[in-house]
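The structure under discussion appears below in the form of structure tokens.
Values in this text are rule-based calculations from the coordinates and carry no lab data. Everything numeric in this text was worked out from a predicted model, so none of it was measured. Counting neighbours? That spans all protein chains shown, and the Cβs are built from the backbone with ideal geometry, glycine included.
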There are 2 protein chains.
Amino acid sequence: MEALKQKLVDEGIKPTFQRISILKYLEENSKHPTADMIYDFMRKKMPTISKTTVYNTVHTFLENGLINELTITGQESRYDINTHNHHHFLCRNCGKIYDVDIQCPHGLPGKDVVDGHKIDEIHGYFKGICQDCLRKNSS
Amino acid sequence: MEALKQKLVDEGIKPTFQRISILKYLEENSKHPTADMIYDFMRKKMPTISKTTVYNTVHTFLENGLINELTITGQESRYDINTHNHHHFLCRNCGKIYDVDIQCPHGLPGKDVVDGHKIDEIHGYFKGICQDCLRKNSS
DNA sequence: GTGCTTGCAAATCGTTTGCAATAGC
DNA sequence: GCTATTGCAAACGATTTGCAAGCAC
């Protein structure tokens with residue numbers, strides 16, 4: 001709790017109870033949740049929390065680079081606390097998102113350039129059928 | 001017109017006037033339009049067309065692999081007729097999307113596997129500031 | 001005619017906004 | 001006390017759905 005609080009203070013973010021709790025959830029639950037999933041989880045411990053606060057908080061975290069936003073599904077944003085350079089795999093069957101530990105060889109954010117455009121973010125998305133679903137389908 | 005019609009017939013899609021027209025727009029206008037942009041353009045030539053038809057049509061095209069869906073902005077879907085393997089760059093300043101002619105070295109759709117998951121689609125998204133905006137800002 | 005396609009209107013869902021109440025330095 | 005944060009309700013925008021009318025083979 002104190003470490004999380006410090007993390008927010010270090011970023012210049014006022015460490016409110018809501019923000020610390022959401023950061024904690026994201027750290028212990030690196031499952032690329034939607035805003036709704038965060039909201040549902042938070043409500044168990046804090047029934048008065050509002051969805052607005054969830055959105056406010058993830059926006060604050062995004063602005064400070066504490067989390068990344070994934071737009072892989074096209075339906076809703078997913079939030080990822082794992083900010084090191086990696087890619088994602090979306091299963092078209094079960095909807096689960098997996099981390100894929102691949103480094104992009106085309107450049108590093110903030111450092112490199114593609115066709116003259118300055119790159120800040122790199123997103124690699126794979127879509128297909130995950131190992132789990134492949135196994136279930138073949139059996 | 002006939003070539004476009006044939007393309008639809010070949011895919012087993014009934015070549016209605018609306019579908020041919022939308023395909024024509026996408027082929028001559030590979031600018032990753034939104035459904036709304038397609039709708040606005042189509043209305044000029046066919047004022048009675050409905051947004052539902054635009055959505056129906058792009059869904060049909062997607063199912064048949066005639067186009068790809070880009071979820072790069074997180075706001076709305078973009079449609080791309082260019083089905084060869086390439087990546088995209090989104091400018092955070094002007095919102096323009098550029099094609100980036102890079103091949104993904106991690107596998108090819110339908111053929112390869114990552115962490116045991118079967119890959120059907122590969123999407124590479126870069127975000128940053130485009131060459132145009134860099135030039136304008138520095139001058 | 002039968003079945004698919006079209007297009008209108010209404011519904012849905014994720015997200016944002018306006019604003020008053022609240023909390024923390 | 002002042003300022004930022006919270007949370008409610010309403011608005012919004014992209015997309016989907018229900019359904020009646022239209023079209024093509």
**Study point:** About the Cα centre, charge dipole magnitude for the protein assembly as shown (Lys/Arg +1, Asp/Glu -1 at Cβ), debye
**Key:** 740
Point to revise | Candidate lysines - alpha carbon under 17 Å from A:K118, same-chain residues fewer than 8 apart omitted | key: B:K96, B:K127, B:K136
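How far, in nm, would the chain grow between B:K51 and B:C94 when pulled straight, counting 0.36 nm per residue and subtracting the alpha carbon separation? Kindly include the intermediate steps, with their values, before the conclusion.
Numbers: separation 43, 0.36 × 43 = 15.48 nm, distance 2.57 nm.
Full-extension gain reported as 12.9 nm.
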Study note, to complete from the structure: segment A:2-70: spread of alpha-carbon positions along the three principal axes, whole Å, largest first, is 28, 25, 21
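How many partner chain Cβ atoms sit within 10 Å of a residue's Cβ in peptide B:124-137, on average, as a whole number? Walk me through the numbers on the way to the answer.
Details: counts 8, 7, 16, 8, 12, 4, 5, 6, 2, 2, 4, 1, 0, 0.
Whole-number average of other-chain Cβ neighbours for B:124-137 is 5.
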Review point. When each pair of different Cα atoms in chain B is counted once in the 1/r mean, what is the Kirkwood radius in angstroms, to one decimal?
Key: 16.7
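Just subtract the alpha-carbon distance of B:F17 and B:L62 from 0.36 nm times their residue separation and send over the number in nm, one decimal.
Working: separation 45, 0.36 × 45 = 16.20 nm, distance 1.81 nm.
Roughly 14.4 nm would be gained on extension.
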Exercise for review: Can you pull the one-decimal nm distance between simple spin-label points at A:E121 and A:S138, each 7 Å off the Cα toward Cβ?
Suggested key: 3.6
**Study point:** Cα pair distances of segment B:84-138 binned at 10 Å [whole percent]
**Key:** 22, 38, 24, 13, 3
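Rounded to the nearest 500, what is the 222 nm mean residue ellipticity of chain A from helices alone, with -39500 (n - 2.57) per DSSP H run of 4+ residues and division by all residues? Provide the component values of the computation, followed by the final result.
Numbers: 5 runs with 53 residues, N = 139.
Only helices count here, giving -11500 deg cm²/dmol.
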Point to revise | Residue (of B:I119, A:M42, A:H84) at the positive-pole extreme of the protein assembly as shown, dipole from beta-carbon charges | key: A:M42
Check your understanding: Among the DSSP beta bridges whose two residues both lie in segment A:20-139, what percent are antiparallel, rounded to the nearest 5?
Key -> 70
Review point. Across every pair of different alpha-carbon atoms, what Kirkwood hydrodynamic radius in Å does the protein assembly as shown reach?
Key: 21.0
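How many partner chain Cβ atoms sit within 10 Å of a residue's Cβ in peptide A:87-94, on average, as a whole number?
Details: counts 6, 1, 6, 3, 2, 3, 0, 0.
The shielding value for this peptide is 3.
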